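Have a look at the structure below before the remarks.
The values are calculated or read from the model by the stated rules, or taken from the named source; none is laboratory data. Just so it is clear, the model here is predicted, and its values are computed rather than measured. Note: ideal-geometry Cβ built from the backbone for every residue, glycine included; neighbour counts use all protein chains shown.
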Amino acid sequence: MINKVDHIGVAVRSIEKALPFYKETLGMKVLGTETVDSQQVKVAFIVSGETKIELLEAQNEDSPISKFIEKRGEGIHHVAYSVANIEESIKELTEQGIELIDKKPRVGAGGAMIAFLHPKSSHGVLTELCEKQKGGEHHEF
Ligand code: ZN
């Protein structure tokens with residue numbers, strides 16, 4: 001079902017403050033930032049080769065990222081796996097008794113179709129499935 005890890009989501013208080021670490025210190029490349037209103041987050045994608053990190057900053061206090069940071073502080077928020085067919089994957093997982101937060105795929109950052117599994121069903125790791133739109137990768141901003 002899984003092709004590879006697509007990205008790792010990291011919750012930060014401020015993308016602006018976190019970026020220099022990834023850019024200057026680690027020498028990674030910033031693909032761009034965008035807002036995902038459905039999740040009330042601002043995201044920045046950072047890459048180095050095949051490795052991609054998604055920084056997540058809350059847009060307001062109702063955002064799931066605000067709640068996450070309130071409880072646990074900044075840190076790894078989720079692991080996203082790339083799948084070829086997200087509808088199929090959701091169906092297969094549901095049949096296997098896996099609980100999903102998103103029973104239907106929705107549009108995430110970069111226009112990808114995404115769905116989250118419930119951490120209860122994935123041993124404490126918030127897990128995202130991610131199907132890239134045809135034509136692919138995140139557009140360069
Ligand atoms: Zn993600």
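A compact table of results
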read-out	value
SER66 vs. criteria of a type in the set (S, T, N, Q), away from the ligand (no atom under 16 Å from the Cβ) and surrounded by 14 or more Cβ atoms within 10 Å (Cβ to Cβ)	yes
One residue from GLN133, GLN96 being at negative phi, modelled with pLDDT of 90 or more and among the polar types (S, T, N, Q)	GLN96
Any chance LYS120 is more than 18 Å from ASP6 (Cβ to Cβ) and surrounded by fewer than 19 Cβ atoms within 10 Å (Cβ to Cβ)	yes
Condition met for PHE141 (part of a loop (DSSP other than H, G, I, E, B), within 17 Å of ILE15 (Cα to Cα) and either within 11 Å of the ligand (Cβ to nearest atom) or at pLDDT below 95 (or both))	yes
One residue from ALA84, ALA58 being more than 19 Å from MET113 (Cβ to Cβ) and under 18 Å from the mean Cα position of the chain (by Cα)	ALA58
Pick from region 110-121, criterion hydrophobic (A, V, I, L, M, F, W, C) and in contact with a Leu (Cβ under 9 Å, 6 or more places away or on another chain), ranking: nearest to the ligand (Cβ to nearest atom)	ILE114
